[in-house]
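The values are calculated or read from the model by the stated rules, or taken from the named source; none is laboratory data. Worth saying up front: this structure is predicted, and the values here are computed from it rather than measured. Every residue, glycine as well, gets a Cβ built from its backbone with ideal geometry; the counts of neighbours run over all protein chains shown. Side chains included, ligands, DNA and RNA excluded: accessible areas come from the protein's heavy atoms. Shrake-Rupley method; radii C 1.70, N 1.55, O 1.52, S 1.80 Å.
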Amino acid sequence: MTHPRRRPALLRREAVVATVPVAVAALLTAAGPATAAGTAGASGVGDPYFPLAGNGGYHVSHYGLTLGYDPASRHLTGKAVLTARATQRLNRFDLDFKGLKITGLTVDHVKAGYRRDGQELVVTPARPLRKGRSFRVTVTYQGRPGPVTDPDGSLDGWIPTDDGAFVAGEPQGAMTWFPANNHPLDKSSYDITITVPKGSTAVANGVLLGQRTRNGKTTFRWRQKEPMAAYLATATVGKFQVKQYTTRDGLKVYDAVDPREASAAAPVLKKLPSVLAWESKLFGPYPYRAAGSIVDHAPNVGYALETQSRPVYDGAPDLSTLVHESAHQWFGDSVSLTSWKDIWLNEGFATYAEWLYAEQHGGDSAQKAFDALYARPATDGLWAFPPGNPGSGANIFGTPVYARGAMTLHVLRTTVGDRAFLRILRAWATQHRYGHGDTAQFERLAERQSGKDLGRLFQTWLYDQGKPRQP
């Protein structure tokens, strides 16, 4: 997510089964009440800020989404096929799904019972599912999707625009357009097929497998093979100018740009291959087979999002925003959170990537960026809460998460030296590639890579209240 998300005044079919680490699997196994017939999967994975996000009892390895959207009527039809594995015996389980009308639901092609409970879709299969069993859930649905309001008052999910929809799901919005295990702990591969009126373009994640126009409608087929958290999925629709090319490294690039943003976006998007090459040298190989950008004209959104392999922007981005969202492909997308409380691992890292890029491309040094922030008085919002413990979901996109998170990394860099610092960044991105990480793991890795005791540093900059003393 580009800082600032809300533009505050302070600052500018081949399913790939995602490997589930032991610690993550334990959370996905979270159980609800036991019954004689089995156990209900929990209605959430226990996230401290979004307790109903995600679900216990199963892991989704693959989503097959088939959608149809009419921008004029704002009507969506959908079919979601979830391939999953039970991590415990289940007599029922939950999906996160909000707002749209369900027209059918089966488990392994057998009609299943279901009920709605707020954002929870509670499914009761005809027979209990044994632990370790693979199963398939098919949900058909329709209606007029809309966004959800986050704790900070912003919108995410399916956000209608004047020519389609801006689809960005962080942190809750995936459930507005498909049933999901909607927490970063559960990562899956995706096939997304979207049919729209001829003349509109539908852009999702990964590689474009093909498109076909028939009877006044065009169908786009997308595949995201590498594991992806649900909030990073997109199905953005609009009147776009499309440019496709392959880089010298074989990366398939797909840019979709609203014509109203094209002239401003062009010189920035032209730099994407060089930005990704620069970041690859620092962080390790780019994690995906595809890249690109979706530049929409959505002035009421107020942010960009690092939708996996193809960030979505609410308007033409500047270069620092492109660098930021591109860095998220490593930090946030490939290496995902285990809890929203640790979001500084996403936003602090992407912000510091901006500082490094400027430093190495004729701009201000990272030290100068740090000094300018540190000069702010103790009453400034930068010091309102510690980035390692934002306190609530209302704060996860606040200035401290981004700026003080980046400052933490700069203090780490000056403490351990440039060579050790870059080793730490690269090791974090490569050792947790396609997986998950938390702050405690990052702290241990930094100490191993540097050979230094860094406990006081992280305590001061990530967890202490107020403005830290000058390092």
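Ligands, DNA and RNA aside, residue 122 has an accessible area near 10 Å² when probed at 1.4 Å. Solvent-accessible surface of the range 226-314, averaged per residue with a 1.4 angstrom probe and all protein chains in place: 36 square angstrom. By the rule of a C-alpha distance below 12 Å, with chain neighbours fewer than 8 residues away ignored, the aspartates and glutamates paired with residue 98 are 117, 120.
In what order, largest first, do 404, 260 sit by accessible area if the probe radius is 1.4 Å?
Numbers: 404 0, 260 120 Å².
Solvent-accessible surface, decreasing: 260, 404.
In order along the range 376-382, the phi-based Karplus estimate (6.51 cos²θ - 1.76 cosθ + 1.60, θ = phi - 60°) of 3J(HN,Hα) comes to 5, x, 5, 8, 5, x, 4 Hz; Gly and Pro are listed as x.
Percent relative contact order of the range 163-321, based on C-alpha pairs within less than 8 angstrom and at least six residues apart?
On the way: 331 pairs, mean separation 37.2, N = 159.
Relative contact order of the range 163-321: 23 percent.
Candidate cross-link partners of residue 131 among the aspartates and glutamates, defined by an alpha-carbon separation under 17 Å and a same-chain spacing of 8 or more, comprise 94, 108. Per-residue surface analysis assigns residue 432 an accessible area of about 30 Å², computed on protein heavy atoms at 1.4 Å probe radius.
Around residue 115, with a cut-off of 13 angstrom between Cβ atoms, what is the net charge of the other residues, counting Lys and Arg +1 and Asp and Glu -1? Can you show the working numbers first?
Values: positive: 92, 116; negative: 94, 117, 120.
Cβ neighbours under 13 Å give a net charge of -1.
Averaging 1/r over each pair of different alpha-carbon atoms in the chain and inverting the result gives 22.5 Å, the Kirkwood hydrodynamic radius. Helical content of the chain, expressed as a calculated mean residue ellipticity at 222 nm, amounts to -6500 deg cm²/dmol (DSSP H runs of 4 or more residues, -39,500 (n - 2.57) each, divided by residue number, nearest 500). Summing charges over all other residues whose Cβ lies under 10 Å from the Cβ of residue 165, with Lys and Arg as +1 and Asp and Glu as -1, gives -1. Solvent-accessible surface of protein heavy atoms, probed at 1.4 angstrom with all chains present, puts 109, 75, 436 in the order 109, 75, 436, largest first. Taking each residue as 0.36 nm, the span from residue 367 to residue 438 lengthens on full extension beyond its C-alpha to C-alpha distance by 22.9 nm. Partners of residue 368 within straight-line reach, counting lysines whose Cα lies under 29 Å from its Cα and excluding those fewer than 8 residues away in the same chain: 270, 271, 281, 341, 452, 467. Net charge in the neighbourhood of residue 179 (other residues with Cβ under 12 Å of its Cβ; Lys, Arg +1, Asp, Glu -1) is 0.
Between residue 130 and residue 249, what FRET efficiency comes out of the Förster formula 1/(1 + (r/R0)^6) with R0 = 60 Å and r the beta carbon distance, rounded to 0.05?
On the way: r = 45 Å, r/R0 = 0.75.
It comes to 0.85.
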